[in-house]
1. Along the charge dipole of the range 76-146, Cβ charges K/R +1 and D/E -1, which of ASN141, GLN122, PHE104 sits furthest on the positive end?
2. Residues with beta-carbon under 9 Å from that of SER72, excluding SER72: net charge, scoring Lys, Arg +1 and Asp, Glu -1?
3. Charges on Cβ only, +1 for Lys and Arg, -1 for Asp and Glu, centred on the Cα centroid of the range 1-57; of HIS38, GLN21, PHE7, which one is farthest towards the dipole's positive end?
4. Return the Cα extents of the chain along principal axes one, two and three, sorted largest first, each rounded to a whole Å.
5. Averaging sequence separations of C-alpha pairs under 8 Å and six or more residues apart, then dividing by the length of the chain, give the relative contact order as a whole percent.
6. Listed highest first by mean packing, meaning other Cβ atoms within 10 Å per residue, what order do 116-122, 41-47 come in?
7. Too long at a 22 Å Cα-Cα cut-off: which of LYS97/LYS125; LYS25/LYS110; LYS41/LYS125; LYS58/LYS110; LYS41/LYS110; LYS58/LYS125?
8. Give the separation of the Cα centroids, the range 34-83 to the range 95-116, in Å.
Amino acid sequence: MSASEEFLSVSEERAIVEAIQQAEKNTSGEIRVHLEDHSDKPPLERAQEVFISLGMNKTAARNGVLFYVGVSDHHFAILGDEGINNVVGQNFWNSTKDLVIEHFKRGENKEGLVQGILKAGQELKRYFPYCADTDEDELSNEISRS
């Protein structure tokens, strides 16, 4: 079993997908979680590659948010597309990252991601509220891996 498979149990993965679904009920924003064992690249650079490979830069409002975890490397990055980066301050990204990492340090991997996702959803809701007439789920809510 790979490190990324050991990082979360099946039930913990379901809880994370449920948190994404809950967060996206209030916003047109799109949230993804990506896990991988190792990358030779710096976490933010690798997160940018994953962001593009997942098509997150193609959402209508450019308001996707990626939670990237390099499990074996103990790397974490949170990356937002230009639509959200244009309206939220850097403090939002730093405080969300710190919240997730605080949980990771205690071995609370699921809880860290769930709390970060819900926090991102609240921020997305402020700037990109859900509109029942026009919103569609543009990206998968499932956790991706490489």
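The values are calculated or read from the model by the stated rules, or taken from the named source; none is laboratory data. Given the structure is predicted, the values throughout are model-derived calculations rather than measurements. Virtual Cβ from ideal backbone geometry, glycine too; neighbours counted across all protein chains shown. Only protein heavy atoms, including side chains, enter the accessible area calculation; ligands, DNA and RNA are left aside. Shrake-Rupley method; radii C 1.70, N 1.55, O 1.52, S 1.80 Å.
1. PHE104
2. Net local charge, SER72 excluded: -3.
3. My answer, from the dipole projection, is GLN21.
4. 43, 30, 26
5. Reported relative contact order: 37 percent.
6. 116-122, 41-47
7. Result: LYS41/LYS125; LYS58/LYS110; LYS41/LYS110 exceed 22 Å.
8. First find each Cα centre; the distance between them is then 16 Å.
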